[in-house]
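The numbers here are math on the coordinates, done by the rules we state, and not lab data. All values reported here derive from a predicted model rather than from experimental measurement. So basically every Cβ, Gly included, is an ideal-geometry build from the backbone, and we count neighbours across all protein chains shown.
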Amino acid sequence: MYLDMEASLRAHSRCGAGLTRMPTRLLIIGYFGVNNAGDELMLSALVRMIRNLQPSAEITVLSRNPEQTARTYGVRSITLSNPKRLIRWRLLLGCVWNCDILLFGGGTFLQDYGVWGWRPIAAYLKLVMLARLLAKKVIILAAGAGPLETAMGRSVSRWIVKLAQITVMRDPDSIELLQAIGCNRRHMRLGADLALYDTIQPQEPKPRINCRPRAGISFFPFYRSICDDPSRHEAMKRELVALIHRLNSTHDVYFFALQRDVDGADNRFAAEIGGLCRCSLHLVDFFDGENEFRELLNTMAMCIGMRYHFLLLSLMAGIPAVAVNYNPKVASLMKEMGLDGYLIELEAFTATGAMNIIGECSEQHLFPDAVAGYLKRQETNLAVVRDILKG
């Protein structure tokens with residue numbers, strides 16, 4: 001590690017003397033390497049954006065599965081997962097020392113929701129503090145915030161934002177939340193989700209002639225994997241199976257799985273639900289191929305689900321969508337699109353209630369201006385990345 005530090009100092013010295021311009025070195029932080037489609041979509045888009053602007057940039061990604069991440073995206077990748085604290089800190093010091101920019105690459109990382117509470121963002125704060133002590137830039141790009149239900153979660157999030165030189169949030173509600181906990185609104189900008197980097201204008205669903213229409217669904221076992229509540233989990237399963245049976249009377253039903261092979265993952269839940277159904281349920285696994293996943297999604301006549309990026313991609317493809325709200329980011333997305341009336345609270349989810357809203361969904365008018373306005377906010381993301389690479 002000492003040799004890496006020494007080489008880094010020599011490189012900066014040459015650059016400062018005007019002898020050569022060294023490529024920008026970025027350390028990208030996020031929930032990567034855990035087979036979650038939303039996070040992988042954002043990372044893929046961010047890497048493409050950086051490569052398009054500066055092909056020589058040196059990109060390192062913190063990942064739970066560094067071999068897979070390096071192979072998939074053509075980047076350097078490391079993990080801090082090590083049972084020995086001293087080794088973890090040495091790795092942490094080394095990766096921050098050898099970067100110019102610490103970049104949080106999207107996602108709702110400013111939250112204390114889930115089984116780990118505020119602990120993950122406390123770890124992020126250590127990274128941010130170390131980066132600032134080493135005079136590195138800290139950038140938050142296209143991130144989300146909330147829920148922040150604990151005093152510790154709010155305090156840690158406030159310090160992360162205060163220490164960052166640039167903060168870009170992907171939705172207005174996240175900015176309002178951060179402002180409410182004491183962050184300066186003037187230091188924050190409004191961007192868009194990174195996964196839409198290549199989406200320039202609203203898409204059109206693919207027409208299907210002389211075929212049964214298709215309905216896309218996307219659910220995960222929230223009550224089992226997050227709340228550890230068996231009774232509510234069983235109730236949710238019963239309502240979901242009933243919904244699939246009712247949808248199947250008029251549509252071919254496709255289950256879109258956006259997380260794979262962890263406890264509570266979508267693909268395992270789909271298999272569980274499929275075993276209870278008396279009709280055909282088609283599984284579409286994101287990790288079987290992103291292009292195939294997107295192409296199939298674009299053939300849906302309507303969609304209903306929980307996953308944020310499933311809903312986002314559906315809406316941007318012009319597909320009528322009903323959202324089941326398990327997290328503030330879902331409600332925020334529907335609110336931005338002017339579709340509050342097509343939002344079902346998870347606690348109130350029933351097959352009958354969902355079908356009533358789906359009946360209205362066929363007449364849903366997506367607001368082209370809202371979609372176009374959202375896509376236009378990608379320019380903020382691009383401008384920030386362009387500026388930090390120049391700097």
Odd one out for Ala142, checked against (1) crowded, with 17+ Cβ neighbours inside 10 Å; (2) under 27 Å from Asn82 (Cβ atoms); (3) of a type in the set (Gly, Ala, Ser): (2)
Residues of the stretch 115-153 being in contact (Cβ under 8 Å) with a residue 40 or more places away in the chain and more than 28 Å from Met49 (Cβ to Cβ), which ones? Val115, Pro147, Met152, Gly153
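Per-residue answers, yes or no, for (1) in contact with a helix residue (DSSP H, G or I) (Cβ under 7 Å, 6 or more places away or on another chain); (2) under 18 Å from Leu247 (Cα atoms):
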{"site": "Leu283", "(1), (2)": "yes, yes"}
{"site": "Phe286", "(1), (2)": "yes, no"}
{"site": "Gly305", "(1), (2)": "yes, yes"}
{"site": "Pro320", "(1), (2)": "yes, yes"}
{"site": "Gly341", "(1), (2)": "no, no"}
Would you pick out the residues in the stretch 137-163 that are in a loop (DSSP other than H, G, I, E, B), within 26 Å of Ser44 (Cα to Cα) and touching a Phe, Trp or Tyr at 6+ places or on another chain (Cβ under 7 Å)? Pro147
Under the condition of being over 21 Å from Ile388 (Cβ atoms) and of a type in the set (Val, Ile, Thr), which residue from the stretch 58-77 is farthest from the chain's Cα centre (by Cα)? Thr72
Residues located in the stretch 208-267, provided they are of a type in the set (Lys, Arg), in contact (Cβ under 8 Å) with a residue 40 or more places away in the chain and more than 22 Å from Ala321 (Cβ to Cβ): Arg224, Arg260
Can you tell me how many residues within the stretch 211-255 are assigned to a helix (DSSP H, G or I) and either among the basic types (Lys, Arg) or closer than 18 Å to Ala348 by Cβ (or both)? 17
Can you pull out the strands (runs of 3 or more DSSP E) entirely within the stretch 281-391 that have at least 2 residues that are of a type in the set (Gly, Ala, Ser)? 321-325
Among the residues of the stretch 289-308, what is the count of those that are loosely packed, with under 14 Cβ neighbours inside 10 Å and touching a Lys or Arg at 6+ places or on another chain (Cβ under 9 Å)? 1
